[in-house]
Amino acid sequence: MKKYNLPLIIGSLIVAFIVVVMIVPEAFTDKSPYTIKQIKFIHEDGKLDVESAPFKPSDEAIMGSDDLGRDIYSLIIYGTKLTISLGILIALAHFIIAVPLAMVAGFGNGFARNMITQSNIIFSAIPGLLINVILLRLAFFIGLDKSRSILAFVIIITLTGWPKLATLISERVEAILDKPFITGEIAVGKSRGAIAIQNVFPHLVPELIVLFFMEIARSLSMIMQLGLFSVFIGNLRIIKSSDFANIIYYDVSFEPEWASMLSSSRTMISVAPWTVIYPALAFFISVLGFNLLGEGIRELVQKKNSKIIPHTRQLMSLNAGYFINRIRKKTGRQLIVIPLLIFLTIFLTVILGEDYKIKAQTDLTDYKDQVMIGSQESQKLATYIASEMEALGMEALEDDFLVEYEVSEGALIQSSDLELVIEGARFPLDLSNDYSIETAHDGSFEGGIVDLTGLDLYDLYHDWTFNDGTDYESWVEHRSQNSSIQELDKAFVLIDSRLYNDRFLDSFMKYMGRYAKPEGFIYIRDRSNLKEKKVLDRVDDVMVVNISEDIGIRLKDNPNALLRGSVSIRRLGSQGRDVLGIYRGSDPYIQEEAIVIGMGYNYLNQEGKEALTSQLDLMKSLCGEKNKRSLIFVFCDGTYSDASHGIHILAQDFPYSSTKIKAYIDMTGISNQTFTELTFSTKQAPITRQFAWSIGHYLTQELEKEGIKTIEADMVNNGGEYFFTEAYWMNTMFWDRGIATIHLSVQEENHLMTSDSRKNQPYNLGQVNEILLKVISMSNY
């Protein structure tokens, strides 16, 4: 009767099942291991009962929940990958240290032998478990993120665990060296290195294979024991109580991991035994599976007809012809089984793994190269985005995908030029370096200068408005008698705007406009405020020009100078349109939670159109993922102007509960496809907003990994919260709605190669979008 190798069969089945769970955890559960549900309302017989976590096993949660309300079954399924991977990494690290040292010690090297012996003595006197607990509970290791925490566990557990393995291997090496065939090899003049590679190692391989699986089981046992002492991957150590200055920590892991589930055993075993039994059972089955697999392989390789030693010897001698001949024979085909299984595992991992490349291709060739708020092109494009949302299976948050709002009539500057005329000589001014247009009327203009920089406009405005002895008419008359400008209506009023706020200047300009119609106002500003303005918030009969301090000095020194220029504008309508849609999540337990992604759809050139194309492609790719949470996409109109930015309207009454929005990713400030610096900030996603903070933290790591240069936005700290000073739209969702915000934008000039960045290749928006695709997709798990 044929004898079956039951340990090999059972162990292989268990390990194969574990590998499948590691590769495709979503095939075994549709619940998220991160969902926290601490209170459950039960309606029964017309009564309402309230139950708090941990919840008992039920049809809804077959293994119950932990004390945070997280589903234990989902935690075990998704924790398989991290826990088993950690055990394998520790076993590999043990072998990397133990095998070379054991080989050298077996050949009689005194240093290696003493190192193994002394290490064994130390870790026999002081148990390795105790050392691991002491070291891994140091403040330095607690709270590390997942990757750093894994590295710390592997290093420390390896330092205490390798001597035992090295002792076993060195003893086996010494036993092999005592064999008669080794004496024969020495007699024919073989070197120690050749004997080690061609004779000792092939005989050692069967034992190493067995020991490797045993070592994985031993590593998992150590991980389980550490979990009982609240030592596990990513221990956040949240403060549970600080009463009477006595700090009590709540040990919890952000990641699904079996050892962290055992950390509550001391307090939960009597009240909720399922929180301990099921993760302990997962450890038991895994340890049993690897042990059985190791024993089964031992039985297989120790058979008299086992060919593993000659096969290994031929492999070490790089004899390819031997393997080709063996494969041709029926009996030799067994050689390809293990490599085939390894290849199949890698293939399945790659095929079933996530691909975060943006594959969708949006075509905007039918749209013009300028789309601004209030234009016919804007209405057409907004309708197109809404139709794309509907085609993706998205739903409108309100009655329609389009949300309309009113803004003041603005203008798009097509071209402008400005020059000074001093004593008949003409001095052209450079846009953005010398001047910028703030408000405009279409056509040419010319006028002299009335210099008010030497007056206190606050006092003057007070006298005018309160009429306490000096009124506007007498001031104009006095001013006209002392100036070469006889008619103020044909002059430009020069003001140093750095001394006043914009609201006061607006009031001053309007008050003066009641009694006179100056050709315009000239504001002296810092050079940083002279950035070219393509879009104006309003169109007035009075021109407002910003100039640099250098030009202001020239005007002061030349009171008879003339300012001459022209502006060509395109008037824009007063109707703005935001486009909103929601893509429902797949997890019934967390689909009400949402991530909001804000984008803009205005653009001024071909590059801006390409940026919008990338954003639409990102939306399509995200909707192609199996997101457990819902995704809300917001395409804002009016993004080139703070006053007309569509986010202000939405923030007044956002059509979705703010408490259900986990994070807002603001990309409305991105209007270029290429750039050299990305303005990026997670300051409005603090650690108290755990989900948004984790998204921002992961995003920061991925941007650094890709080498994308980021700069922090200008901000001020207001009572522990941050306020961006560049524009209010950057703060709207956080300050007006209380929604944690992650901000990404590109300064308009950043897409050009500056003198400091000529050595750097510009980045592409597609790189950022692929990172976002990965980060948002990974937030499911």
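Odds and ends about this structure:
- Close Cβ contacts (under 6 Å, 6 or more residues apart or on different chains) running from residues in segment 652-675 that are closer than 21 Å to P686 by Cβ to residues that are aromatic (F, W, Y) comprise K662/F691.
- The number of residues in segment 535-552 that are more than 19 Å from Q414 (Cα to Cα) and open to solvent by 30 Å² or more (accessible area, probe 1.4 Å) comes to 2.
- When segment 571-598 is filtered for residues that are in a strand (DSSP E or B), among the hydrophobic types (A, V, I, L, M, F, W, C) and either open to solvent by 10 Å² or more (accessible area, probe 1.4 Å) or under 19 Å from K534 (Cβ atoms) (or both), nothing remains.
- Taking the numbered list (1) within 31 Å of the chain's Cα centre (by Cα); (2) open to solvent by 30 Å² or more (accessible area, probe 1.4 Å) in turn, T35 passes all entries but (2).
- If you go through segment 499-547 and keep only what is of a type in the set (D, E) and without any contact (Cβ under 8 Å) to a residue 40 or more places away in the chain, you end up with D502, D506, D526.
- In this structure, L68 does not qualify as in contact (Cβ under 8 Å) with a residue 60 or more places away in the chain, surrounded by fewer than 24 Cβ atoms within 10 Å (Cβ to Cβ) and in contact with an Asp or Glu (Cβ under 6 Å, 6 or more places away or on another chain).
- The lone exception for K81 - which of (1) open to solvent by 80 Å² or more (accessible area, probe 1.4 Å); (2) in contact with a strand residue (DSSP E or B) (Cβ under 8 Å, 6 or more places away or on another chain); (3) touching a residue at least 40 places away in the same chain (Cβ under 8 Å) it fails: (2)
- Among the candidates S32, S52, S65, the residue that is modelled with pLDDT of 80 or more and of a type outside the set (F, W, Y) is uniquely S65.
- Whichever residue in segment 369-415 is of a type in the set (D, E) and part of a helix (DSSP H, G or I) and, among such residues, is most open to solvent (accessible area, probe 1.4 Å): E390
- When every residue of segment 166-177 is checked against the conditions, at least one turns out to be open to solvent by 30 Å² or more (accessible area, probe 1.4 Å) and in contact with a Leu (Cβ under 8 Å, 6 or more places away or on another chain).
Rundown of residues vs (1) over 20 Å from E215 (Cα atoms); (2) among the aromatic types (F, W, Y); (3) in contact with a His (Cβ under 7 Å, 6 or more places away or on another chain), yes/no style:
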| residue | (1), (2), (3) |
| --- | --- |
| A112 | yes, no, no |
| M115 | yes, no, no |
| N120 | no, no, no |
| F123 | no, yes, no |
| F141 | yes, yes, no |
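- Given (1) at pLDDT 90 or above; (2) within 26 Å of E255 (Cβ to Cβ); (3) open to solvent by less than 30 Å² (accessible area, probe 1.4 Å); (4) part of a helix (DSSP H, G or I), index of the condition S694 fails: (1)
- Enumeration of residues in segment 677-690 that are within 27 Å of T613 (Cβ to Cβ) and either open to solvent by 10 Å² or more (accessible area, probe 1.4 Å) or out of contact with any helix residue (DSSP H, G or I) (no Cβ under 9 Å at 6 or more places or on another chain) (or both): E677, F680, T682
- Restricted to segment 93-120, and to residues there that are under 20 Å from I155 (Cβ atoms) and surrounded by fewer than 16 Cβ atoms within 10 Å (Cβ to Cβ), the residue that is nearest to the chain's Cα centre (by Cα) is I96.
- Lone qualifier among L616, L572, L563 - being farther than 30 Å from A391 by Cβ and either under 31 Å from the mean Cα position of the chain (by Cα) or touching a residue at least 12 places away in the same chain (Cβ under 8 Å) (or both): L563
- Of the residues making up segment 428-437, just one is loosely packed, with under 14 Cβ neighbours inside 10 Å and in a strand (DSSP E or B), namely P428.
- Looking across segment 264-295, the residues that are among the hydroxyl-bearing types (S, T, Y) and loosely packed, with under 14 Cβ neighbours inside 10 Å come down to T267, S270.
- Subset of segment 183-197 that is part of a helix (DSSP H, G or I) and farther than 12 Å from F107 by Cα - its residue that is most open to solvent (accessible area, probe 1.4 Å): I186
- Some residue of segment 487-502 being under 19 Å from G552 (Cβ atoms) and at pLDDT below 85: yes
- Among the residues of segment 1-23, those identified as open to solvent by 30 Å² or more (accessible area, probe 1.4 Å) and not in a helix (DSSP H, G or I) are M1, K2, K3, Y4.
- Within segment 418-427, the set of residues being open to solvent by less than 80 Å² (accessible area, probe 1.4 Å) and in a strand (DSSP E or B) comprises L418, E419, L420, V421, I422, A425, F427.
- Filtered residues of segment 560-570 (kept if in a strand (DSSP E or B) and either touching a Leu at 6+ places or on another chain (Cβ under 8 Å) or among the hydroxyl-bearing types (S, T, Y) (or both)): L562, L563, R564, G565, S566, S568, I569, R570
- Per the conditions (1) buried (at least 24 other Cβ atoms within 10 Å of the Cβ); (2) assigned to a helix (DSSP H, G or I); (3) touching a helix residue (DSSP H, G or I) at 6+ places or on another chain (Cβ under 6 Å), the sole criterion not satisfied by L612 is (3).
- Residue pairs whose Cβ atoms lie under 9 Å apart, sitting 6 or more positions apart in sequence or on different chains, and linking a residue in segment 153-164 that is open to solvent by 10 Å² or more (accessible area, probe 1.4 Å) and in a helix (DSSP H, G or I) to a partner that is aromatic (F, W, Y) and modelled with pLDDT of 90 or more, are W162/F95.
- Residue match in segment 72-80 (condition: more than 30 Å from T29 (Cβ to Cβ), at pLDDT 90 or above and in a helix (DSSP H, G or I)): no
- Across segment 486-498, the number of residues qualifying as in contact (Cβ under 8 Å) with a residue 12 or more places away in the chain and open to solvent by 30 Å² or more (accessible area, probe 1.4 Å) comes to 3.
- Residue match in segment 521-534 (condition: open to solvent by less than 10 Å² (accessible area, probe 1.4 Å), at pLDDT 90 or above, in contact with a Gly (Cβ under 6 Å, 6 or more places away or on another chain) and over 22 Å from S444 (Cβ atoms)): yes
- Per the listing A16, A27, the residue uniquely farther than 30 Å from A53 by Cβ, free of Cβ contacts under 8 Å to residues at least 24 places away in the same chain and under 39 Å from the mean Cα position of the chain (by Cα) is A16.
The values are calculated or read from the model by the stated rules, or taken from the named source; none is laboratory data. Note that the coordinates shown come from a computational prediction; the quantities given were computed from them, not determined experimentally. Please note: Cβ atoms are built from the backbone with ideal geometry, for glycine as well, and neighbour counts cover all protein chains shown. These area figures cover heavy atoms from the full protein model, side chains too; ligands, DNA and RNA do not enter into them. Shrake-Rupley method; radii C 1.70, N 1.55, O 1.52, S 1.80 Å.
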